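Here's the structure, in structure tokens; my notes come after.
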Amino acid sequence: MSNLDRKPATTLCGGTSSGPVRDLLPAKNVPLGESTVVRRLLPSLGRRMVGAWCFVDHYGPDDIADEPGMQVPPHPHLGLQTVSWLHDGEVLHRDSLGSLQTLRPGQLGLMTAGRAIAHSEESPREHARLLHGAQLWVALPEAHRNTAPSWEHHSQLPQVTGGGLRATVILGELAGTASPATTYTPLVGADLTLPSGTAARLPLEPDFEYAALAMSGEAEVDGVRLTPGALLYLGCGRSELPLRAEVDSALMLLGGEPFEEKILMWWNFVGRSMEEIAQAREDWMTGSRFGEVQGYDGPPLPAPMLPPVPLKARGRVR
Ligand code: MN
């Protein structure tokens, strides 16, 4: 982690005074399955959450022409929403509600796990050469975390344009433009396309905290050069964000009202207590609560062992 400010502000938002920061947080390379390595940007050593965003993996572009590609067997989730977003390729989603959906670039796959759901994700047998995308999680607040599970597929998402920039609003709201997808806390997730020569100022919500990640190319975000493999945490108190690109680039912008609840994240669960997590693990391993994913060619993922030291719920900053 490197802080580019010489006098870094305390990154407590909402209530406590704070201001914009520019913390460049490097990704951790995490193997996923046999042939895939993802760049994990959240949680990281420097930061656990940005708004309600609590998990961000960036993968690819990987050449999977002669490979099976993504093969993630059925596994459970609770207490969160998963956001699937592609720049290249396609992913076949199946879940225990019976959903069966092929996701393509520019389409949002939003799964609200609520109290319990299981799903699998795989590259279809016939697939494009390149696979490139992001997998993100949004923590559900206490009032909604036991909501009924649901699956949404949005292929029509609104856009915001200006200064050469094109922003697709995936989730939440950006510059007064709202995504049709269901959210439970004030937040935003947007895909930003910056053709060579872009010089734009994107309107932001001062009460939100924000972070940006590069999907491709090399863009300048508030003067900081951002390339794939790092998350730039921007803090709060900003009413706009200067963006420039001299080569064709793509970013994702994540933001939201700082998430005040302490959460406990373990494996694929976002809970509040160790007892709750242990019960969820037990329910998955005994085949109750999460339902069954039909049609995936292979056994479900077994849960890892619980850590010997009890987990404790933690806040959004490390
Ligand atoms: Mn999943």
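The values are calculated or read from the model by the stated rules, or taken from the named source; none is laboratory data. The structure displayed is predicted, hence computed values, not measured ones. Cβ coordinates were reconstructed from backbone atoms using ideal geometry, including for glycine residues, and neighbour counts include every protein chain displayed. When the accessible area is computed, the model is the full protein with side chains, heavy atoms only, and any ligands, DNA or RNA have been set aside. Shrake-Rupley method; radii C 1.70, N 1.55, O 1.52, S 1.80 Å.
Being within 29 Å of Val270 (Cα to Cα) and in contact with a strand residue (DSSP E or B) (Cβ under 7 Å, 6 or more places away or on another chain) is the requirement here; does Leu130 meet it? Give the steps one after another, and end with the answer.
Working: within 29 Å of Val270 (Cα to Cα): no; in contact with a strand residue (DSSP E or B) (Cβ under 7 Å, 6 or more places away or on another chain): yes.
So Leu130 fails the test.
Of all residues in region 65-114, those satisfying the criterion of being farther than 20 Å from Leu42 by Cα, more than 15 Å from the ligand (Cβ to nearest atom) and in a strand (DSSP E or B) are Asp88, Leu100, Thr102. Of the strands (runs of 3 or more DSSP E) lying entirely inside region 227-287, the ones with 2 or more residues being open to solvent by less than 20 Å² (accessible area, probe 1.4 Å) are found at 230-235, 240-245, 249-256, 269-271.
Tyr296 meets the conditions (1) over 30 Å from Thr161 (Cβ atoms); (2) assigned to a loop (DSSP other than H, G, I, E, B); (3) open to solvent by 50 Å² or more (accessible area, probe 1.4 Å) in every case but one. The failed one is (3). Yes or no: Pro304 over 23 Å from the mean Cα position of the chain (by Cα), assigned to a loop (DSSP other than H, G, I, E, B) and either under 27 Å from Val37 (Cβ atoms) or at pLDDT below 95 (or both)? It is false that Pro304 is over 23 Å from the mean Cα position of the chain (by Cα), assigned to a loop (DSSP other than H, G, I, E, B) and either under 27 Å from Val37 (Cβ atoms) or at pLDDT below 95 (or both). Here Val56 passes the criteria (1) in a strand (DSSP E or B); (2) open to solvent by 10 Å² or more (accessible area, probe 1.4 Å); (3) not acidic (Asp, Glu) except the one numbered (2). Among strands (runs of 3 or more DSSP E) entirely within region 1-44, having at least 2 residues that are in contact with a strand residue (DSSP E or B) (Cβ under 6 Å, 6 or more places away or on another chain) and modelled with pLDDT under 90 singles out 28-32.
Scanning for something open to solvent by less than 10 Å² (accessible area, probe 1.4 Å) and in contact with an Asp or Glu (Cβ under 6 Å, 6 or more places away or on another chain), does region 139-147 turn up at least one residue? No, region 139-147 contains no residue that is open to solvent by less than 10 Å² (accessible area, probe 1.4 Å) and in contact with an Asp or Glu (Cβ under 6 Å, 6 or more places away or on another chain).
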